[in-house]
Every structure is written in structure tokens, then in C-alpha cells.
1. For S68, what residues show an amide H to amide H distance below 5 Å, using hydrogens built from the backbone and excluding near sequence neighbours?
2. Can you tell me the alpha carbon radius of gyration of the stretch 21-102 divided by the globular rule-of-thumb value 2.2 N^0.38 Å?
3. Hey, can you rank 70-78, 112-120, 30-38 by average C-beta count inside 10 Å, highest first?
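No lab work stands behind these numbers, since they all come straight from the coordinates. Predicted model only: the values in this text are computed from it and were never measured. Cβ placement follows ideal geometry from the backbone for every residue including glycine, while neighbour counts extend to all protein chains displayed.
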Amino acid sequence: MSEDGQLWLDEESGPLVRPYAMVHGRTRPARPELDVATQLLTSWSGADRSRISVEHEEILRLCVRPMSIAEVAAHLDTPIVVAKVLVSDLIDRGDLVTDKTSRQAQRPDRQLLEAVLDGVRRL
């Protein structure tokens, strides 16, 4: 509230600070390998959940069934990067597991690529 008693709210602008505050100012997830299609599942590791945020709890509830990071972000109504940071926290704690097959493909073997290129050149 300002000195003259007016509220500093702007309903039309939407939640400007909330995503930044949800991740304590972090803009990069601890796990850069996560992409929007990475599938998540709650692991029920038994870790102490008394110290996690409401958003973390919601992610754990959502991921009782496999769910992608994009879906998590949509349910939380947050940007993808915020969802990735929150998900990274839970993976590091052992509360979430990922489907390793959903990660981006590994770089192909250089020798394989050279063999394919040699075969194409012989055509």
C-alpha cells in the first residue's frame, strides 16, 4: 500500500512476481537435460516432505501418473522454466523419477556417421 492509502494492485497484469518467487529467483534448472517432453513419476521415496513448497506438493500429486514437464507447467499455470526448476528440486531430493527414454537423443557415434557418409558417397 502506498503512503496515500492506494493499493498497488493491477489485476490486468496478472501474476508478475509469483513465478520468480516460487523458484527463489533461480532461472535455470539444476538438470539441464530436462525437456518439455520428459515424463515424470512420483517415487514415494519417503523423504521428509514438511520442508517443500505448495507447488512441489502439487507436482507430486500430479505425477502419481506419468506426466510431462509441459503438462506440469500447464497445471501449475507457470512458465516451463519455472516448472523445470521445481521438478529439478524434486528429482534431486529423490521424490520424482524421470523416464530416461524421454530425454533428448544421444549424439550418434562419429564412426557410424562416417560409415553412412562413405556408403552414400559410393552410390
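1. L40
2. Values: Rg = 11.3 Å, N = 82, 2.2 N^0.38 = 11.7 Å.
Normalised by 2.2 N^0.38 Å, the Cα Rg of the stretch 21-102 equals 0.96.
3. 70-78, 30-38, 112-120
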